[in-house]
Amino acid sequence: MIFFILYVVTGLFINNHDTNYSGRDQIARPVRHEDVTNPVRKGVIGMNKDLISLLKARKASRAFSSQPLNEEIISRLMNAIQLSASCFNNQPWRYIFLTDNDLLEKARKALTPGNSWALKAPLLVIGYSRREFDCQIKDGRDYYLFDLGMATQLLLLQATELNLVARPMAGYSVSELRQGLEIPDIYDIYIVVAVGYEGDVNELNEKDKQRSLADRTRNPLEVNFTLNTVKWP
Ligand SMILES: Cc1cc2nc3c(=O)[nH]c(=O)nc-3n(C[C@H](O)[C@H](O)[C@H](O)COP(=O)(O)O)c2cc1C
């Protein structure tokens, strides 16, 4: 009985608000289940788009406005990511959200010339993780990068729902990023996502403008899917 009372009382003091991510090394505290499962009921997210419309609306534009993003937006992006599924609920994703100009400059220097469109973005999100943070299956499968990718997809979708542009990039120098942001070797830096309000495509160079205006293309379904067949093409 005494344990039950303690359990209930301590439960009342568990952080009932959105997790605070201001410090890199802060000790993780679990968020109460109801917080992360009922964002709609809490009125945090306005569900005004059906899913397929949201997926279609995800912007591939490289045109960014430099208008800064406020803390509410940053918090919504973080909280959306945090809802991702992960192996054994290990939540192996780690992200550095950069809005500070000096730090942004360091990250921008690491981008390849082909990603110069991202220099205007007011937010760069660096996604990284570590093998040991997630499931390591005996037959050799590691899940940390899979789960980092799953979580990053939620960043893109939440950004879209907030009428932002979010474009992931693999085009950067890991060593420059590591050095500039002092990210230890033990972490694998796997993605940089540029996030911001959509800018004017006419300000892009001609190549990026044409790419940004082009229709999104996808394979016919039969390339990527089979239904009830184990025959190989
Ligand atoms: C892992 C990954 C790396 C990417 N790297 C870059 C990049 O360095 N530069 C870039 O402009 N786009 C990059 N992209 C964006 C893709 O080119 C884009 O998602 C793809 O062309 C499909 O277009 P869509 O996102 O508009 O559907 C990357 C996307 C992913 C998922």
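Readers should treat all values here as calculations from the given coordinates under stated rules, not as data from a laboratory. For clarity, every value in this text was computed on a predicted model and none was experimentally measured. Here the Cβ positions follow ideal geometry from the backbone for every residue, glycine too, while neighbour counts run over all protein chains shown.
Of the listed pairs K56/K109; K109/K207; K59/K109; K209/K231, which have alpha-carbon separations greater than 30 Å here?
Beyond 30 Å: K56/K109; K209/K231.
Quick one: which residues, 5+ away or cross-chain, put their amide H under 5 Å from the amide H of V165? H built at 1.01 Å from N.
G196, Y197, E198
Write out the GluC sites (Glu not before Pro) in the range 137-219 meeting two conditions: DSSP loop, and at most 11 other Cβ atoms within 10 Å of their Cβ.
Sparse-neighbourhood loop GluC sites (Glu not before Pro): E182.
Using alpha carbons only, how many angstrom separate the centre of the range 72-149 from the centre of the range 193-224?
Taking the Cα centre of the range 193-224 as reference, the centre of the range 72-149 is 21 Å away.
What list of ³J(HN,Hα) values in whole Hz, one per residue of the range 176-190 in order, does the Karplus curve 6.51 cos²θ - 1.76 cosθ + 1.60 (θ = phi - 60°) give from phi, with Gly and Pro shown as x?
After applying 6.51 cos²θ - 1.76 cosθ + 1.60, I find 5, 5, 4, 5, x, 9, 6, 8, x, 4, 5, 9, 9, 8, 10 Hz.
Cα gyration tensor of the range 64-214, axes a ≥ b ≥ c as square roots of the eigenvalues: rounded (a/c below 1.5), prolate (a/b > b/c) or oblate?
Judged from the Cα gyration tensor, the range 64-214 comes out prolate (a/c at least 1.5, a/b above b/c).
Using Cβ counts within 10 Å as a stand-in for footprinting exposure, how do D134, D147 rank, fewest first?
Going from least to most buried by this count: D134, D147.
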